[in-house]
1. Rounded to the nearest 0.05, what FRET efficiency do Ser29 and Asp254 give with R0 = 25 Å and r taken as the Cβ-Cβ distance? Could you check?
2. Take the chain, connect every pair of alpha-carbon atoms lying under 10 Å apart with a spring to form a Gaussian network, then pick out the residue of Arg50, Arg260, Arg129 with the largest mean-square fluctuation.
3. Counting DSSP beta bridges with both partners in the range 8-250, what percentage is antiparallel, nearest 5?
4. Report the relative contact order of the range 253-377, percent, no decimals, based on alpha-carbon pairs under 8 angstrom and at least 6 residues apart.
5. What is the list of residues in the range 347-376 whose amide nitrogen lies under 17 Å from a point 7 angstrom out from the Cα of Asp300, following Cα to Cβ?
6. Under 10 Å, Cα contacts only: if you run a Gaussian network model on the chain, which one of Pro100, Pro322, Pro83 comes out with the highest mean-square fluctuation?
7. What relative contact order, as a whole-number percentage, does the chain give when Cα pairs under 8 Å and 6 or more residues apart are counted?
8. Hey, what's the Cα Rg ratio for the chain versus the globular rule of thumb, 2.2 N^0.38 Å?
Amino acid sequence: MNVPLLDLKAQYQTIKDQVLEVTEAIYESQYFILGPHVDDLEKKIAEYCRVGHAVGVSSGTDALLLSLMAAGIGPGDRVLTTPYTFFATAGAVWRVGATPVFVDIDETTYNLSPDRLQETVAAMDEATRQTVKAIVPVHLYGQCADMDPILKLAAEHGWVVIEDAAQAIGAEYHGRRAGSMGDYGCFSFFPSKNLGAFGDGGIVTARDPAVYEHLKILRVHGGHAKYYHHYVGGNFRLDALQAAIVAIKLAYLDGWSAARKANAARYRELFAAAGLMDRIHLPVEKESRHIYNQFVIRVDKRRDALKDHLTAQSIGSEVYYPVPLHLQACFAPLGYAAGDFPVAEAAARSTLALPIYPELTEAQQAYVVDTIAAFVNA
Ligand SMILES: *Cc1c(COP(=O)(O)O)cnc(C)c1O
C-alpha cells in the first residue's frame, strides 16, 4: 500500500469544476494583480479568522516580512521567537536587520514556552530589554501557542505581537482564532498548508484599521497615491488567480480540518490498540481547536531509522525540523551553541510527521500504525 505524506490530487478532483470556471473568467478578464478576487478573499479570511482586516500578500514569508516592516522593526531591534519552526520565522526578522532572540519551547506542544520567555526577559539587562520590539509566537503544526501569558508580557512592555499562523488557519485558543490575538497574524497559502493555493500566496490579518492601511501601502512599494512614496515598501502583492482558488477552497476548509481531526483521533485509537502508547508519544491537544496541519509523533530513539523503514514501505513521513534555528549556519553570528535550547534540540532529534491529510483512509492509517509497530517491536 502506498501512503503519501500529502495527496493534493484527490482534493483537486472535488473542486476542479469550480476552479476551472473561475480561472477561465480571470484569463478572459486579463486582470491578474490584486483586484476584486483579492478584495473578496481578504473579506472572507478576516471574517473566518474573526478579525477586522486582512491583506493578501505574496507568501507566508512575505506576510512576516511585511508585518515586521509595518511594525517599524529594523536594525538595533530584538525580536523574541522560537528556534523550533520553519526557517522563515527568524529569517524574516534577520532580513529587516533585527536580531532574533530565541526562547526554548514547551515539550508537549513544541510551541514557545511562556515560562522560558519570562526567564529570558528577566535575565536581560535594562538596555537590552529596551531594544526588544516584538514577540513572534508560532502556532506550530496547527495548534496555537499559549497566547495569554505571551500577550500579557507584550502588553506590559509595549511590544508588538506577530503571530506566525502559517500552519494554523482556523485553530483556536480559548475560543479565539489564530491570527486574531496579536497585532498581526501571518498566514501562508503554500500548497501543503491546510488552505493552500496553486502556487505561493499568503495573507496578513490585523485588528487595527490604521495598521491595515499601512500594510496595504507597504504591499505596493509604500506608495499612497501611485508613484508618490512616503515609505519604502516592496512588491508583496497576491494575484487574482491564487486569491480566487483560495476563496473556493475556504468553503471546504472546516470540513477538511474536521477530517484531519478525525484522522488524528483514529491514529490515537490505532496506536493504543497496537500497545504502542508507551513507546511513541502522540501529539498533545492542549488548545481548543487543533487543526492538524501536521500529526507529529515523537520517538525517543532511532527516529531516522523509523523514517527509513516507513519510506521502504511506501509511507511518506517528514522531519519538521531537523535543525533548530539557533544552530543554522547562517545564524552563527548570533553566537548560540548546541545545548542552549535543549527542548527544541531534543524535538529536532525525535519528532516525525505522519500522513494526516483529509482524504487518508482508515486502511491507510492502519497500515501506517502496523508498519510502525513492526519496527518498534522488531
Ligand atoms: C510555511 C511557513 C511559513 C512560510 O510560508 P511560505 O508561504 O512558504 O513563505 C512561515 N512560517 C511557518 C511556521 C510556516 O510553516
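1. Computed FRET efficiency for Ser29 and Asp254: 0.25.
2. In the Gaussian network model the winner is Arg129.
3. Looking only at bridges with both residues in the range 8-250, the antiparallel portion is about 55 percent.
4. Once divided by the residue count of the range 253-377, the mean separation gives 37 percent.
5. Under cut-off, by backbone N: 347-352, 376.
6. Highest fluctuation of the listed residues: Pro322.
7. That works out to 23 percent.
8. 1.00
Where a number appears in this text, it was derived from the coordinates with a stated rule and is not lab data. Source: prediction; values computed, not measured. Cβ: placed from backbone, ideal geometry, glycine included. Neighbour counts: every protein chain shown.
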